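Below is one structure, written out as structure tokens, with a few remarks after it.
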2 protein chains.
Amino acid sequence: MTPRAASRAVLACLLLAGVPAFGVLAQEPPPLKSHEVHEDRSVTFRFRAPNAQEVELDFEGADRRPMQKGEDGVWSLTIGPLEPDLYGYAFVADGVTLFDPANPVQKKNFIYVSSLLHVPGPASLPWEVADVPHGRLHEHFYRSSVVGDERDFYVYTPPGYDEGKQAYPVLYLLHGYSDDASAWTAVGRAHVILDNLIAQGKVRPMLVVMPLGYGAPEILNRTEGWRDPSLAGRNVSKFKDALLKEVIPRVEKAYRVKKDRESRAIAGLSMGGGESLFTGLNAIDRFAWIGAFSSAVADDPDKAYPDLNEKTAARLRLLWIACGRDDFLHERNRSFEAWLQAKGIRFTPIETPGKHTWMVWRRNLAAFAPLLFR
Amino acid sequence: MTPRAASRAVLACLLLAGVPAFGVLAQEPPPLKSHEVHEDRSVTFRFRAPNAQEVELDFEGADRRPMQKGEDGVWSLTIGPLEPDLYGYAFVADGVTLFDPANPVQKKNFIYVSSLLHVPGPASLPWEVADVPHGRLHEHFYRSSVVGDERDFYVYTPPGYDEGKQAYPVLYLLHGYSDDASAWTAVGRAHVILDNLIAQGKVRPMLVVMPLGYGAPEILNRTEGWRDPSLAGRNVSKFKDALLKEVIPRVEKAYRVKKDRESRAIAGLSMGGGESLFTGLNAIDRFAWIGAFSSAVADDPDKAYPDLNEKTAARLRLLWIACGRDDFLHERNRSFEAWLQAKGIRFTPIETPGKHTWMVWRRNLAAFAPLLFR
């Protein structure tokens, strides 16, 4: 605990222990309201930086905007009104991107700096926690022989899993570059979305397995790893091996799940979208349902999916290719769709508003999951 | 995704998709080595703040130390050599405490700002991840009738739980003020400690249940809540109710656990230590093992534990009272020990080095868990 923290802890513990420390407490400065959501859903951001020359707000899916310096060195900016959603943001002080120190919720990420803003909305929004039966999250830890490290994966079991006897289908759901295995729940709210849509009868009860998406974790090391030209291929092919040889067998041993290909789906976002295509399209004997959200699809599909053709693809129950209109990967996904079309392969193209953001991917999951295992 | 993040994502995705973007990548500035652990276990911290007048390092358990400004507005400081451990730290720029923006691991906390530094040590340290069988973490979500909110608790199941048939004893393990239910695993590494000590045969296989520790969550709202004099009492008594009436029944329904008092332990740190004493000593019919780490023990034990006496306490198998010598709660714990002694109640006093820090509490858990259920 840091000294300032300790001084607060003294106060807190005295209070908790029943000592009337209110006189002392009154001297503590009130915490800064760093991300205040107003009734009209406009949002005021505040950040203290008394000697900064320039402070900007970096907001998910938007250009940076300058904040204004006010009293006491507090910079502020009001934006919106915003649609109810979860948004990433950061403060940029003299060019340095910083977490909001007065917001306890950060996006866990190996590279990017981002705090999480919740603009609450009605219970009808699939990512809002509602008073419905809740599933459960399980974190598994294991030593990967394929990759050579200690790693984890998360499993969502639906409400009633403990009580029932039936076996469930499984969606393998993959995160993007720089995220970890917790991203689809911590940021994507996959468990909340599934809880809500299952309660509404829109999604069939299923397990969702969220593995760590790096076949070659050195891809995160931007000082050296990025300069190795074989890295991208190694990352995706070792990911596929780890999923098929390590994660799936562990899941199918530990849980009551169906093991036929019609009961197995794979989907992911960005890098994970590329991995869901690479893994799924090269293992059609294992997966009947494939989803790619804003995916970093291979630039040479002939080389990436050598056995894919009209006949093999006919076994797929769903090939769902979604991308936001303003995503920088939009054109790449369009090209891939043209390639599929030219080969006579059926797929479902989904074009949505939006950029390369979680606001798009939460909606992708909420639209994709109801289609599965029907 | 923020614009800067997006520009990096473009590069990453191009690379992942096999596009040779190395020329572009070379133009990205290398990330700052913000917390560099040297071979002798000294540690250099770096933080970019070009216009700050003063930057300090706030390091867990130590006084603030000034950092020195160097080239390019980067402030730095080397400390140590340090003992292998996990340490919290933050940068204080002109009085504002900030997370390290170049460290992906923050301590999740409702109030304090702290990034996490790992100084690796030998596998013999109980919190170092080792190549041993791993247990599993389960996060449960439920609506609390006692408190009136949606909340969660975590459950650690030991290695082999799935394969075995036997019922296990349970340790209820409570976090401190400002933490959430994930603290004992994310920061305390309770699951790693249990994995390692179980593998060494030092700890009996058990479940560890880590609930959210707020009976009155408004205690976190420091602008208003702190001024309500009944708050401390309500927080601890409603916590006890939620644990006994909601968490324990859910655990005992969902898992193969023993349900006798000799198979139930409760322990916690700081506020959670106070709660483990309040809950355990007022429900000796439910718990035979109690641990209090640096606990915010009640200031009036006669009032807090009215039915506790030599006879009722004789049913306890263990009452373990630990506190660091330099903890600000040391004297308070000493007074409590004197009170216990005067009443003829047996207990195990543990005095360790250290302050009110996680470095103490990880060691507390590693020393306490081996004593249980023998």
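The values are calculated or read from the model by the stated rules, or taken from the named source; none is laboratory data. Only a predicted model underlies this, so the values are computations on that prediction, with no experimental measurement involved. When we count neighbours, we look across all protein chains shown, and the Cβ atoms used for this are built from the backbone with ideal geometry, even at glycine. Protein only, heavy atoms only, side chains kept; ligands, DNA and RNA dropped before computing areas. Shrake-Rupley method; radii C 1.70, N 1.55, O 1.52, S 1.80 Å.
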**Message:** Please enumerate, by chain and number, the aspartates and glutamates with C-alpha under 17 Å from the C-alpha of residue A:245, excluding those fewer than 8 residues away in the same chain.
**Reply:** A:149, A:150, A:152, A:260, A:275, A:285
**Asked** Accessible surface of residue B:89 in the full protein assembly, 1.4 angstrom probe, to the nearest 10 Å²?
**Response** 0 Å²
**Request:** Have a look at B:347, B:306, B:279 and report the one farthest towards the positive end of the charge dipole of region B:274-361, computed about the Cα centre with Cβ charges (Lys/Arg +1, Asp/Glu -1).
**Result:** B:347
**Request:** Could you run the Karplus curve 6.51 cos²θ - 1.76 cosθ + 1.60 with θ = phi - 60° over region B:36-47 and give me ³J(HN,Hα) per residue in whole Hz, x for Gly and Pro?
**Result:** 9, 8, 7, 4, 7, 6, 6, 10, 9, 9, 9, 8
**Complete:** Percent antiparallel among DSSP beta bridges confined to chain A, rounded to 5, stands at 60 percent
**Asked** Antiparallel as a % of all DSSP beta bridges within the protein assembly as shown, to the nearest 5?
**Response** 65 percent
**Asked** Rounded to the nearest 20 Debye, what is the dipole magnitude of the protein assembly as shown about its Cα centre when Lys and Arg each give +1 and Asp and Glu each give -1 at the C-beta?
**Response** 2400 debye
**Item:** Candidates per trypsin sites (Lys or Arg not before Pro) in region A:127-203, loop by DSSP, up to 10 other Cβ within 10 Å
**Value:** A:165
**Request:** Run the numbers on region A:195-300 and let me know its relative contact order in percent, using alpha-carbon pairs under 8 Å that are six or more apart.
**Result:** 20 percent
**Item:** Estimated 222 nm signal from helices in chain A, with DSSP H stretches of n ≥ 4 weighted -39500 (n - 2.57), rounded to 500
**Value:** -7000 deg cm²/dmol
**Item:** Charge dipole (debye, nearest 20) of region A:148-282; +1 at Cβ of Lys and Arg, -1 at Cβ of Asp and Glu
**Value:** 480 debye
**Request:** Any lysines with Cα under 20 Å of the residue A:238 Cα? List them, leaving off those in the same chain fewer than 8 positions away.
**Result:** A:303
**Stretch in chain B that is longest and holds no GluC sites (Glu not before Pro) that DSSP places in a loop and that have at most 16 other beta carbons within 10 Å** = B:225-374
**Prompt:** Peptide B:294-302: average number of partner chain Cβ atoms within 10 Å per residue?
**Reply:** 3
**Asked** Using all Cα-Cα distances in region B:125-193, what percent lands in each 10 angstrom bin from 0 up to the longest?
**Response** 16, 44, 31, 8, 0
**Prompt:** Using θ = phi - 60° and the Karplus curve 6.51 cos²θ - 1.76 cosθ + 1.60, what whole-Hz ³J(HN,Hα) does each residue of region B:315-323 get, with Gly and Pro shown as x?
**Reply:** 6, 6, 7, 7, 10, 10, 10, 10, 7
**Message:** Can you give the local net charge around residue A:117? Use residues other than it whose beta-carbon is closer than 9 angstrom to its beta-carbon, Lys and Arg +1, Asp and Glu -1.
**Reply:** -3
**Asked** Whole-Hz Karplus ³J(HN,Hα) for region B:176-186, in order, using 6.51 cos²θ - 1.76 cosθ + 1.60 and θ = phi - 60°, x for Gly and Pro?
**Response** x, 4, 5, 7, 10, 5, 8, 4, 5, 9, 5
**Item:** residue A:270 accessible area, 1.4 Å probe, all protein chains in place, Å² to nearest 10
**Value:** 10 Å²
**Prompt:** Among B:165/B:311; A:108/A:355; A:240/B:33, which pairs are too far apart, with a Cα-Cα distance over 26 Å?
**Reply:** B:165/B:311; A:240/B:33
**Fill in**
Quick shape check on region A:66-185: root eigenvalues a ≥ b ≥ c of the Cα gyration tensor, a/c under 1.5 is rounded, otherwise prolate if a/b tops b/c, else oblate, and it reads oblate
**Complete:** region A:133-166 and region A:52-130 have their Cα centres apart by a whole-number Å value of 31 Å
**Item:** Across the identical copies, how the residue A:70 labels are spaced - nm, sorted shortest first, 7 Å along Cα→Cβ
**Value:** 3.8
**Asked** How would you classify region A:222-361 from its alpha-carbon gyration tensor, with a ≥ b ≥ c the square roots of the eigenvalues: rounded for a/c under 1.5, else prolate if a/b is greater than b/c, otherwise oblate?
**Response** rounded
**Asked** Counting only other chains, what is the mean number of Cβ atoms within 10 angstrom of the Cβ of each residue in peptide B:109-117?
**Response** 4
